[in-house]
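**Q** Have a look at this one before I ask anything.
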Amino acid sequence: MDYTLLSSPLQGFTDFRFRNAQNKIFGGIDTYYAPYIRLNGKLVIKSSYQRDLLPENNNTLEVIPQIITNDADEFLFVSKYVQELGYKELNWNLGCPYPMVTKCGMGSGLISNTEKINQILHKVHNESDIIVSMKMRLGYDTTEEILDVFPILEKYPIKNVAIHARIGKQLYKGGVHLDAFQACVDNTKLKLYYNGDITSVAKFKEMQARFPTIDHWMIGRGLIADPFLPSMIKNDSFEYPKNKMELFSEFHDTLYEGYSESLSGSTHILLKMHHLWEYFSVIFSNPHKVHKKIKKAKSIRNYEQAVAEIVKAG
Ligand SMILES: Cc1cc2nc3c(=O)[nH]c(=O)nc-3n(C[C@H](O)[C@H](O)[C@H](O)COP(=O)(O)O)c2cc1C
């Protein structure tokens, strides 16, 4: 069956630099979601969000912007902003599990508030022609909360609902709830996308066999850890390319150069790269050792030396 692979947004990781480098060097992703825009009480878009969505920074990519909010006016403001940039769709985040978000009744903390969801969708669809899609968890407290949201969503022309098959209070702990995702498939006619723990070609095949009607698959952390993954899925291959380290090195250097230009000071640059290596280390034969070596590098010189040694050893 034909299918679409989507890059699930990760705040702090899947910015335009990452998206462009991944697409150019490895490919395999059809559409990238940009990390969410969150307004801080004012109708102002922060410059970092602006830079991330500028058409010239995304000109070879298919990108869908995302918002996190519980306010219709914010939704309308951001819709207008992204439409002016040429985007046709805005994805609404009802998945974020972090207390700073959920305590304000946003992200997965909004799933149980069907009245508010309805009120926002009603106003947005009355006052804007933006295409709305959703990204949700199954609920905050229970995996059934989402089932009460479907009848609301079905009243509007929602393009699709991407479901991360966990609940908010799990954060990222524990496994995905596949039976609960099946209950979603069985209980709505909305177009559903699957998201959660696709980290290998084998895992992708397992999910594809389990949910044969799903043809859109979102990959989040698995793409940071293994940027080769989507092209290997598409090529139906369990083998890395022969020049694996050469490609990884090009990818690393592209990101490193980009962040060295945009971030000020070695502390920020090294912190950014350390975060990436928490994921990157997974494709090396001794992830723990690789991560430790990177963490030990406290200066630019030591960092560059550590990366050279890691890449050489493969
Ligand atoms: C550090 C981090 C940042 C994230 N930022 C976002 C975000 O901005 N928007 C969003 O919808 N999901 C965000 N997510 C959730 C992921 O997109 C994804 O739904 C989740 O990690 C499950 O998929 P995976 O198992 O393939 O990673 C984030 C996850 C992590 C770990």
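**Q** List every residue pair whose Cβ atoms sit under 8 Å apart, with the two residues 6 or more apart in sequence or on different chains, where the first one lies in the stretch 53-73 and is in contact (Cβ under 8 Å) with a residue 24 or more places away in the chain and basic (Lys, Arg) and the second, anywhere, is away from the ligand (no atom under 12 Å from the Cβ) and not in a strand (DSSP E or B).
**A** none
**Q** So how many residues does the stretch 195-244 have that are loosely packed, with under 14 Cβ neighbours inside 10 Å and among the hydroxyl-bearing types (Ser, Thr, Tyr)?
**A** Count: 2.
**Q** Please specify each residue of the stretch 66-99 satisfying the condition of being assigned to a helix (DSSP H, G or I) and either at pLDDT below 95 or aromatic (Phe, Trp, Tyr) (or both). Outline the logic, then answer.
**A** Narrowing the stretch 66-99 to residues assigned to a helix (DSSP H, G or I): 72-84, 99.
Selection gives Phe75, Phe77, Tyr81.
**Q** While we're looking at this one, here's another question. Answer yes or no as to whether Gly27 is at positive phi and over 13 Å from the mean Cα position of the chain (by Cα). Please lay out each step first, then the result.
**A** Details: at positive phi: yes; over 13 Å from the mean Cα position of the chain (by Cα): yes.
Yes: the conditions hold for Gly27.
**Q** Here is a further query. Criterion first (farther than 26 Å from His274 by Cβ and in the same structural domain as Leu94 (by TED's automatic domain parsing)) does Phe228 satisfy it? I'd like the intermediate steps shown before the answer.
**A** Details: farther than 26 Å from His274 by Cβ: no; in the same structural domain as Leu94 (by TED's automatic domain parsing): yes.
So Phe228 fails the test.
**Q** Next up: Does Ser133 satisfy the condition of being small (Gly, Ala, Ser) and within 16 Å of the ligand (Cβ to nearest atom)? If you could, list the steps in order and put the result at the bottom.
**A** Working: small (Gly, Ala, Ser): yes; within 16 Å of the ligand (Cβ to nearest atom): yes.
Yes, satisfied.
**Q** Then there is this: What are the pairs, 6+ residues apart or on separate chains, where a residue within the stretch 245-261 that is among the charged types (D, E, K, R) has its Cβ under 7 Å from a residue that is at pLDDT 95 or above?
**A** Taking only residues 6 or more apart or on different chains, the pairs are Glu250/Ile25.
**Q** Considering Tyr140, Tyr81, which residue is of a type in the set (Phe, Trp, Tyr), buried (at least 19 other Cβ atoms within 10 Å of the Cβ) and more than 16 Å from the ligand (Cβ to nearest atom)?
**A** Details: Tyr140 fails: more than 16 Å from the ligand (Cβ to nearest atom).
Only one candidate passes the filter, namely Tyr81.
**Q** Going by what's in this entry, would Thr213 be described as of a type in the set (Ser, Thr, Tyr) and either more than 12 Å from the ligand (Cβ to nearest atom) or not assigned by TED's automatic domain parsing to the domain that holds Pro9 (or both)? Spell out how you get there, then give the answer.
**A** Working: of a type in the set (Ser, Thr, Tyr): yes; either more than 12 Å from the ligand (Cβ to nearest atom) or not assigned by TED's automatic domain parsing to the domain that holds Pro9 (or both): yes.
When the stated conditions are applied, Thr213 passes them.
**Q** Tally up the residues in the stretch 100-118 that are assigned to a loop (DSSP other than H, G, I, E, B) and among the small types (Gly, Ala, Ser), please.
**A** First, the residues of the stretch 100-118 that are assigned to a loop (DSSP other than H, G, I, E, B): 103-106, 111-113.
Going one step further and asking which of them are among the small types (Gly, Ala, Ser), we end up with 105, 112.
Here the count works out to 2.
**Q** If Lys173 satisfies all but one of (1) closer than 20 Å to Arg221 by Cβ; (2) touching a residue at least 12 places away in the same chain (Cβ under 8 Å), what's the number of the condition it fails?
**A** (2)
**Q** Which of the numbered conditions does Asp197 fail, given that it passes all the others? Conditions: (1) outside any loop (DSSP other than H, G, I, E, B); (2) under 14 Å from the mean Cα position of the chain (by Cα).
**A** Of everything listed in (1) outside any loop (DSSP other than H, G, I, E, B); (2) under 14 Å from the mean Cα position of the chain (by Cα), Asp197 misses just condition (1).
**Q** In addition: Evaluate the following for Ser262: is it more than 15 Å from the ligand (Cβ to nearest atom) and not β-branched (Val, Ile, Thr)?
**A** Yes: the conditions hold for Ser262.
**Q** Enumerate the pairs (first residue in the stretch 26-40 and in contact (Cβ under 8 Å) with a residue 12 or more places away in the chain; second residue anywhere and more than 14 Å from the ligand (Cβ to nearest atom) and assigned to a loop (DSSP other than H, G, I, E, B)) with beta-carbon separation below 7 Å, excluding pairs fewer than 6 apart on the same chain, so at least 6 apart or on different chains.
**A** The qualifying pairs are Phe26/Phe228; Asp30/Glu62; Thr31/Glu62; Tyr32/Leu61; Tyr32/Glu62; Ile37/Ile45.
**Q** Further question: State all residues of the stretch 1-46 that are within 9 Å of the ligand (Cβ to nearest atom), assigned to a strand (DSSP E or B) and surrounded by fewer than 16 Cβ atoms within 10 Å (Cβ to Cβ); if no residue qualifies, say none.
**A** Scanning the stretch 1-46 gives no hits.
**Q** Looking for something modelled with pLDDT of 95 or more, away from the ligand (no atom under 16 Å from the Cβ) and part of a loop (DSSP other than H, G, I, E, B) - is there at least one such residue anywhere in the stretch 164-181?
**A** Checked the stretch 164-181: no residue is modelled with pLDDT of 95 or more, away from the ligand (no atom under 16 Å from the Cβ) and part of a loop (DSSP other than H, G, I, E, B).
**Q** Could I ask something else about it? Looking at Lys103, Lys116, which one is free of Cβ contacts under 8 Å to residues at least 12 places away in the same chain, more than 16 Å from the ligand (Cβ to nearest atom) and touching a Gly at 6+ places or on another chain (Cβ under 9 Å)? Break it down stepwise before answering.
**A** Numbers: Lys116 fails: free of Cβ contacts under 8 Å to residues at least 12 places away in the same chain.
When all the criteria are applied, what remains is Lys103.
The values are calculated or read from the model by the stated rules, or taken from the named source; none is laboratory data. What you see is a predicted model; the values in this text were computed from it and never measured. Counting neighbours? That spans all protein chains shown, and the Cβs are built from the backbone with ideal geometry, glycine included.
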